[in-house]
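These notes are about the structure you will find just below.
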Amino acid sequence: MDDRATCGPGPLDSLGPLGPPGAQREPGILRLGRQEFPAGRLLVMAIINRTPDSFYRPGITWHETAAMERVHTVVAEGADIVDIGGVPAKPGTEVTVDEESDRTIPFVEAVREAYPDLVISVDTWRHEVGRAACAAGADLLNDTWSGWDPKLAEVAAECGVGLVCSHTGGQHPRTRVFRRAYADVMADVLDRTLTLAQRAVQAGVDPSRILIDPAHDFGKNTWHSLEISRRLADMTATGWPVLVSVSNKDFVGETLGAGVDDRLAGTLAVTSVAAWLGARVFRAHHVEQTRQALDMVAAVKGDFRPARVLKGLV
């Protein structure tokens, strides 16, 4: 029997370098859907945009047939999670709750039918969409807009699913950052993500199903995104599983002077740094390359066995 359920940001206190007292936890198993992932396991979250206007290769998975073919491909390439979104992060034409639901919920149902054990994430900040997604079979609510709708955590608790707690520096959904300043960007990231994690636990979300995400580029300029990449160990030291979403992001492009289709090398570099510093989940467009990069980092760390070892032995 399937045991899945059917079913704003507020002021922050002054917090220490690792967030509010009691916000830390011991690293442990991450539970998503039917799966349990140990602390040393690095996970790839494949991006499936059910939108005609996403920033990277817009419309490539807009039609359901193309989107399902993409799911088959990324699963074969080693994706542990698929993240399905119906609203682009960038400003643009309004997407209503009903339209977002139409784009995502039937597709979640189709993916769940095709892959009963696959971890399905839905990228939404709206509790109405989150509730419908859980009823359709979603295992994780990826709140990329930092608790903008506080009811989303309540839905995650009621439905027994996971929740991503992110940082956007107070940005409204689908707005671009403009001259945002931080006294200490990583301290602000910790303040927000750990506070949201605590609130989620208080709402009833299982702590083993909560991730925190610094949200590169969201409410941040390129200097900020580079700094949080450099200081990611401050987040992983809290013990909460850290998700990073750096795939083809603007900070990579601005750093390298690279267009959106030429950012793979930079993306994999940041991905590898984040993996070395302890991040556990990596949201990616290029699944096969990301999987290989993560396996290589894990092998260097001693957490992954090489596929074969012949050099110097035969």
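None of the figures in this text is laboratory data; all of them are computed from the coordinates on show. Just so you know, these numbers come straight off a predicted model, no measurement behind them. Cβ coordinates were reconstructed from backbone atoms using ideal geometry, including for glycine residues, and neighbour counts include every protein chain displayed.
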Cα gyration tensor category, rounded, prolate or oblate, for the chain with a/c compared to 1.5
rounded
Using 0.36 nm per residue, how much length does the chain from Arg180 to Asp53 gain when fully extended, once their Cα-Cα distance is taken away?
43.2 nm
Excluding Ala39 itself, what net charge comes from residues whose Cβ is under 13 Å from its Cβ, given Lys and Arg +1 and Asp and Glu -1?
+2
Using amide H atoms built 1.01 Å from N in the peptide plane, name the residues 5+ places from Leu43, or on other chains, whose amide H lies under 5 Å from its own.
Val281, Phe282
Centroid-to-centroid separation of region 210-227 and region 26-69 [C-alpha atoms, Å]:
19 Å
Summing Lys, Arg as +1 and Asp, Glu as -1, what charge do residues with Cβ under 13 Å from the Cβ of Val260 carry, Val260 excluded?
-1
Percent antiparallel among DSSP beta bridges confined to region 31-300, rounded to 5, stands at 5 percent
Give me, ordered by chain and number, the residues 5 or more places off Leu163 or on other chains with an amide H under 5 Å from its own placed amide H.
Leu141, Ile210, Leu211
Using just the helices of the chain, give the 222 nm mean residue ellipticity in deg cm²/dmol: DSSP H runs with n ≥ 4 each add -39,500 (n - 2.57), and the total is spread over all residues, rounded to 500.
-11500 deg cm²/dmol
Starting from the Cα of Ala269, move 7 Å in the Cα-to-Cβ direction to define the label point; list residues of region 236-255 whose amide nitrogen is under 18 Å from there.
245-255
Could you tell me which trypsin sites (Lys or Arg not before Pro) in region 99-188 are loop residues by DSSP with no more than 14 other beta carbons within 10 angstrom of their beta carbon?
Arg176, Arg179
For Ala233 and Phe304, extending 7 Å from Cα along the Cα-Cβ vector and measuring point to point gives, in nm, a value of 2.1 nm
